[in-house]
1. If we keep just the residues of the range 202-222 that are touching a residue at least 60 places away in the same chain (Cβ under 8 Å) and away from the ligand (no atom under 16 Å from the Cβ), which is nearest to residue 168 (Cα to Cα)?
2. What number of residues in the range 98-138 are part of a helix (DSSP H, G or I) and either crowded, with 17+ Cβ neighbours inside 10 Å or more than 12 Å from the ligand (Cβ to nearest atom) (or both)?
3. Please indicate, with yes or no, whether at least one residue in the range 42-55 is within 15 Å of residue 3 (Cα to Cα), within 16 Å of the ligand (Cβ to nearest atom) and touching a strand residue (DSSP E or B) at 6+ places or on another chain (Cβ under 7 Å).
4. If the Cβ limit is 6 Å and pairs must be 6+ apart or interchain, which residue in the range 56-80 that is without any contact (Cβ under 8 Å) to a residue 40 or more places away in the chain pairs with which residue that is in a loop (DSSP other than H, G, I, E, B) and surrounded by 12 or more Cβ atoms within 10 Å (Cβ to Cβ)?
5. Of the residues 23, 3, 57, only one is surrounded by fewer than 19 Cβ atoms within 10 Å (Cβ to Cβ), more than 24 Å from residue 190 (Cα to Cα) and at pLDDT below 95; which?
6. Have a look at 164, 175, 187 and point out the one that is under 22 Å from residue 123 (Cα atoms), in contact (Cβ under 8 Å) with a residue 40 or more places away in the chain, in a loop (DSSP other than H, G, I, E, B) and within 16 Å of the ligand (Cβ to nearest atom).
7. Taking the condition of being crowded, with 18+ Cβ neighbours inside 10 Å, more than 12 Å from residue 55 (Cα to Cα) and near the ligand (Cβ under 6 Å from one of its atoms), how many residues in the range 72-89 meet it?
Ligand code: SAM
């Protein structure tokens with residue numbers, strides 16, 4: 001029976017490939033990969049030899065029907081992205097939708113993913129909201145930052161190193177000075193690092209240490225309690241209500 005496997009691949013540390021992922025990648029009829037060169041290197045390193053089909057955001061609309069046809073003919077396809085979970089800020093969504101439309105089973109494998117890895121070490125609680133990559137325009141970013149400022153949930157987004165300073169500057173205009181954030185860098189790699197503090201503290205750190213590598217940014221939830229009335233205020237309020245009758 002044809003089906004689609006969604007297979008997570010390491011986000012840095014090769015040893016994070018799962019036994020099941022390796023098995024599925026070996027036994028599939030085809031591996032649909034975002035970048036056949038990048039994935040070719042990975043498959044070689046983990047000892048998987050299989051046919052690869054290129055499937056990325058620029059060809060996914062045309063490719064999806066071809067892959068659907070292959071699965072309808074009984075082929076098993078394993079979909080991978082450059083790193084981490086397919087579909088999460090990566091290609092694959094269209095293919096999943098098409099499979100559902102055509103009654104083709106979709107089998108997701110658990111495995112490496114950057115934002116959940118960052119979240120569990122952030123010290124910030126759940127629930128959380130994952131925003132993926134934010135818009136680049138400052139005005140559009142600010143709309144999201146305003147939501148994050150009010151949110152009772154942890155907010156998580158991805159950012160490129162060369163845009164980090166500008167993004168933090170933007171964030172500082174919206175976030176209260178004492179609100180805690182975390183920049184999780186190079187997860188699972190040699191230079192893995194968590195920079196924790198206020199926006200100003202994290203900004204200062206990166207002014208001294210140029211941001212390099214891959215980043216996940218997390219913003220702690222808004223923990224401000226709803227405003228409590230003092231006794232005096234409460235008595236005032238009751239008096240006003242009584243007077244109003
Ligand atoms: N599919 C991936 C996942 O499951 O996390 C995300 C792919 S997205 C195109 C790439 C972005 O994920 C990077 O720009 C970075 O923000 C984040 N990322 C990926 N690997 C990371 C790592 N090892 N450490 C920190 N962030 C990482």
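The values are calculated or read from the model by the stated rules, or taken from the named source; none is laboratory data. Predicted model, so just to flag it, every value in this text is computed and none were measured. Every residue, glycine among them, receives a Cβ derived from its backbone with ideal geometry; neighbour counts consider all protein chains shown.
1. Out of the qualifying residues, it is 220.
2. Result for the range 98-138: 12.
3. Scanning the range 42-55, I find no residue that is within 15 Å of residue 3 (Cα to Cα), within 16 Å of the ligand (Cβ to nearest atom) and touching a strand residue (DSSP E or B) at 6+ places or on another chain (Cβ under 7 Å), so the answer is no.
4. 56/34; 56/91; 57/91; 60/91; 63/55; 68/102
5. Result: 57 is the single residue among 23, 3, 57 that is surrounded by fewer than 19 Cβ atoms within 10 Å (Cβ to Cβ), more than 24 Å from residue 190 (Cα to Cα) and at pLDDT below 95.
6. 187
7. So the answer is 4.
This table checks each residue for (1) surrounded by fewer than 14 Cβ atoms within 10 Å (Cβ to Cβ); (2) modelled with pLDDT under 95; (3) closer than 21 Å to residue 114 by Cα.
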residue	(1), (2), (3)
143	yes, no, no
146	yes, no, no
153	no, no, yes
156	no, no, yes
164	no, no, yes
170	no, no, no
176	yes, no, no
179	no, no, no
